[in-house]
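Right, one structure below, let's go through it.
The values are calculated or read from the model by the stated rules, or taken from the named source; none is laboratory data. None of the values given here were measured: they were computed from a predicted structure. Heads up, the Cβs are rebuilt from the backbone with ideal geometry, glycines too, and the neighbour counts pull from every protein chain shown.
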Amino acid sequence: MEARAVAKFVRVPPRKARWVIDLIRGRPVPAALAAVRFTSKQAARIIEKVLKSAVANAQHNHGVRDPDRLYVKTAFVDQGPVLKRFRPRAMGRASPIHKRMSHITIVLEERPAPEQ
């Protein structure tokens with residue numbers, strides 16, 4: 001069972017979002033949420049929302065009863081389109097400004113229940 005959530009066209013540079021995504025990859029969901037909550041990065045708020053959405057998808061679409069048994073199987077950030085802007089400079093010149101976007105994907109999987 002795999003539950004996934006995708007946020008597209010997020011106005012966060014992929015390089016900065018990957019820093020936060022690397023913190024949660026492979027972790028159990030409660031530990032990943034705690035790591036994201038205590039990270040003071042702009043991308044952390046968005047990644048927290050995507051992670052909560054993936055948990056909700058697992059519960060609604062796949063009937064997962066205990067979200068504590070889920071872990072982050074895959075998490076990655078792809079580059080989206082770039083908004084190109086120009087900043088005026090001296091002597092009539094202009095320099096380009098690239099406002100980058102990201103596509104954030106998180107895939108969760110359920111660990112098997114411990115046998116007794």
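Run down Val36, Val77 and say which single residue is closer than 24 Å to Lys99 by Cβ, modelled with pLDDT of 95 or more and part of a strand (DSSP E or B).
Numbers: Val36 fails: part of a strand (DSSP E or B).
One residue alone meets the criteria, Val77.
Can you find, within segment 78-93, the residue that is surrounded by the fewest Cβ atoms within 10 Å (Cβ to Cβ) among those that are farther than 23 Å from Arg11 by Cβ and not small (Gly, Ala, Ser)? I'd like the intermediate steps shown before the answer.
Taking segment 78-93 and keeping what is farther than 23 Å from Arg11 by Cβ, we get 89-93.
In the following step, the residues that additionally are not small (Gly, Ala, Ser) were identified as 89, 91, 93.
On the way: Arg89: 9, Met91: 4, Arg93: 9.
Among those residues, the one meeting the criterion is Met91.
Counting just the residues of segment 68-116 that are of a type in the set (A, V, I, L, M) and without any contact (Cβ under 8 Å) to a residue 12 or more places away in the chain, which one comes out farthest from Val55 (Cα to Cα)? It would help to see each step written out before you state the result.
To start, the set of residues in segment 68-116 that are of a type in the set (A, V, I, L, M) comprises 70, 72, 75, 77, 82-83, 90-91, 94, 97, 101, 104, 106-108, 113.
Now narrow it down to the ones that are without any contact (Cβ under 8 Å) to a residue 12 or more places away in the chain: 90-91, 94.
Values: Ala90: 51, Met91: 54, Ala94: 46 Å.
Looking at residues that are of a type in the set (A, V, I, L, M) and without any contact (Cβ under 8 Å) to a residue 12 or more places away in the chain, I get Met91.
Could you list, in sequence order, all residues of segment 1-17 that are crowded, with 17+ Cβ neighbours inside 10 Å and part of a helix (DSSP H, G or I)?
Result: Pro14, Ala17.
If Pro96 meets every condition in (1) at pLDDT 95 or above; (2) surrounded by 16 or more Cβ atoms within 10 Å (Cβ to Cβ); (3) more than 15 Å from Ile47 (Cα to Cα) apart from one, which number is that one?
(2)
In segment 49-56, is there at least one residue being farther than 17 Å from Ser102 by Cα, touching a helix residue (DSSP H, G or I) at 6+ places or on another chain (Cβ under 7 Å) and of a type in the set (Val, Ile, Thr)?
Yes: segment 49-56 contains one or more residues that are farther than 17 Å from Ser102 by Cα, touching a helix residue (DSSP H, G or I) at 6+ places or on another chain (Cβ under 7 Å) and of a type in the set (Val, Ile, Thr).
Any residue that is free of Cβ contacts under 8 Å to residues at least 24 places away in the same chain, part of a helix (DSSP H, G or I) and surrounded by fewer than 12 Cβ atoms within 10 Å (Cβ to Cβ) - is there at least one of those in segment 50-60?
Checking segment 50-60: at least one residue is free of Cβ contacts under 8 Å to residues at least 24 places away in the same chain, part of a helix (DSSP H, G or I) and surrounded by fewer than 12 Cβ atoms within 10 Å (Cβ to Cβ).
In segment 18-29, which residue that is in a helix (DSSP H, G or I) and surrounded by 13 or more Cβ atoms within 10 Å (Cβ to Cβ) is nearest to the chain's Cα centre (by Cα)? Spell out how you get there, then give the answer.
As a first pass, look at segment 18-29 and keep what is in a helix (DSSP H, G or I): 18-24, 29.
Pick out the ones that are also surrounded by 13 or more Cβ atoms within 10 Å (Cβ to Cβ) and you get 18-21, 23-24, 29.
Working: Arg18: 8, Trp19: 10, Val20: 8, Ile21: 6, Leu23: 10, Ile24: 9, Val29: 13 Å.
Ranking the candidates gives Ile21 first.
On the basis of being within 18 Å of Lys8 (Cα to Cα), surrounded by 12 or more Cβ atoms within 10 Å (Cβ to Cβ) and among the small types (Gly, Ala, Ser), does Ala75 make the cut? Give the derivation first.
On the way: within 18 Å of Lys8 (Cα to Cα): yes; surrounded by 12 or more Cβ atoms within 10 Å (Cβ to Cβ): yes; among the small types (Gly, Ala, Ser): yes.
When the stated conditions are applied, Ala75 passes them.
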